[in-house]
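Colleague: The structure under discussion is supplied below as structure tokens; questions concerning it will follow.
The values are calculated or read from the model by the stated rules, or taken from the named source; none is laboratory data. The structure displayed is predicted, hence computed values, not measured ones. Cβ sites come from the backbone with ideal geometry, for glycine too, and all protein chains shown count toward neighbours. These accessible areas exclude ligands, DNA and RNA; they are computed on the full protein's heavy atoms, side chains included. Shrake-Rupley method; radii C 1.70, N 1.55, O 1.52, S 1.80 Å.
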Amino acid sequence: MAMEMQSGGKMMGFLVILLVLFIEMAAPTTASRNSFSTQTLEVQNQLKLLNKPAVKSIKSPDGDIIDCIKFSHQPAFDHPMLKNHKIQMTPNFHPEGVFGENKVASKMKPGSSRNVTQMWHLNGRCPEGTIPIRRTRKDDLLRASSIKAFGKKRHKTIPQPKSADPDLITQSGHQHAIAYVDEEKYYGAKATINVWEPKIQQPNEFSLSQIWILGGSFGEDLNSIEAGWQVSPDLYGDNHTRLFTYWTSDAYQATGCYNLLCSGFIQINNEIAMGASIYPVSSYHDSQYDISLLVWKDPKEGNWWLQFGNSYVLGYWPAFLFSYLSDSASMIEWGGEVVNSESDGQHTSTQMGSGHFPKEGFGKSSYFKNIQIVDGSNNLRVPKDIATFTEQSNCYDVQTGKGGNWGSYFYYGGPGRNANCP
């Protein structure tokens, strides 16, 4: 009897030990708990910083929530140098003539589908005195490599047409098909860009079509202002085509961001949301849609302004954000960019533009038309000596042309991986 009790006690003790071990293995360590709570706190703080209190919120058919934020509460004014900034509500000069109030504050006719330019417009508009901001969600932040990296491009992603480095494409993982000019001082650029919804192979890849306004060297001090459309699952959580902007004053190291995801760009328009879906988009051998973008420097205040279409002056990047661009740009680039992560050891099949080569032409290949620069006299004109650049023309290519109401133009893009681009 005594032996039975003894062995039963041993068994009980053994079970207790197993239970303790199980609990220790199942329970997170103090370090992991602290790490989790720190990340949760960082995410909450960043969401609070980005998502300002809304006067009105609009649920877009594509799943976005657009918050109408009081003009004075927008992220730009978190910047210490903008606390006492005298806001410009209209540009002093415009390359196509001096603005009047009616041009800046022009309205689209309510309920007119022909005038829909972003998908959220189908479900409402933001009132006067507010600006529309795409709400950032927790999942958006968690997809980023870090909270600090959210909304930022990686270092060394600018196309360098005159680089002597043969390993450039393998170093950066980015590929381009662009037209560019770099022979004089530039004070802005304009283009009409064909809008598509290219297929993306990997969530960490993107495809974009944009204008680059560049100043400085391609080293650590590059200044860049960028605007266009992009498909970026990593940034937005879907494959919709979206209007975007970007800026940096130190080659994407510490300064700048996409859209309004940091303080910098001051938005004055209540109708167009940075980062929101563009609607509609082009279809192969079917209806074609495009957007016009104009970036120019106000010669009086020195701020860089952005216009979308013929009616929407969206806002400006204050001059103090930049070093070289506080004077002028030394290079303008127009074109496409993709990330080629080579995740399966082969070239990505992420598409650029329409996903078709320039030789296919209108309705099949994507285009930039009416390419112009702003000169030192604040006039829009056709640039001289447009050059082209692509790292691998059998993956993505570019072909320029001139004529008719398209002015200077080019077709660009491609499918990525194909028989000639393994």
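Colleague: Within the range 48-68, how many residues turn out to be assigned to a helix (DSSP H, G or I) and surrounded by 14 or more Cβ atoms within 10 Å (Cβ to Cβ)?
Modeller: Pass one, the range 48-68, residues assigned to a helix (DSSP H, G or I): 48-50.
Then keep just the ones that are surrounded by 14 or more Cβ atoms within 10 Å (Cβ to Cβ); that gives 49-50.
Looking only at that region, the number is 2.
Colleague: Can you name the residue in the range 98-121 that is modelled with pLDDT of 50 or more and in a loop (DSSP other than H, G, I, E, B) and, of all such residues, is most open to solvent (accessible area, probe 1.4 Å)?
Modeller: 117
Colleague: Among the residues of the range 180-221, which ones are at pLDDT 95 or above and within 19 Å of residue 254 (Cα to Cα)?
Modeller: Once the filter is applied, which keeps residues that are at pLDDT 95 or above and within 19 Å of residue 254 (Cα to Cα), the range 180-221 yields 212, 213, 214, 215.
Colleague: To continue, here is another question. If residue 397 passes every condition in (1) farther than 21 Å from residue 291 by Cα; (2) open to solvent by less than 30 Å² (accessible area, probe 1.4 Å) but one, which one does it miss?
Modeller: Checking residue 397 against (1) farther than 21 Å from residue 291 by Cα; (2) open to solvent by less than 30 Å² (accessible area, probe 1.4 Å), the one that fails is (2).
Colleague: A further question on this structure: Are any residues in the range 69-88 part of a helix (DSSP H, G or I), over 18 Å from residue 269 (Cα atoms) and not hydrophobic (A, V, I, L, M, F, W, C), and if so, which ones?
Modeller: Those that are part of a helix (DSSP H, G or I), over 18 Å from residue 269 (Cα atoms) and not hydrophobic (A, V, I, L, M, F, W, C): 78, 80.
Colleague: Given (1) assigned to a loop (DSSP other than H, G, I, E, B); (2) closer than 22 Å to residue 241 by Cα, identify the lone condition not met by residue 314.
Modeller: The one condition residue 314 does not meet is (1).
Colleague: Exactly one condition in (1) out of contact with any strand residue (DSSP E or B) (no Cβ under 8 Å at 6 or more places or on another chain); (2) of a type in the set (Asp, Glu); (3) modelled with pLDDT of 95 or more is false for residue 397; which is it?
Modeller: (1)
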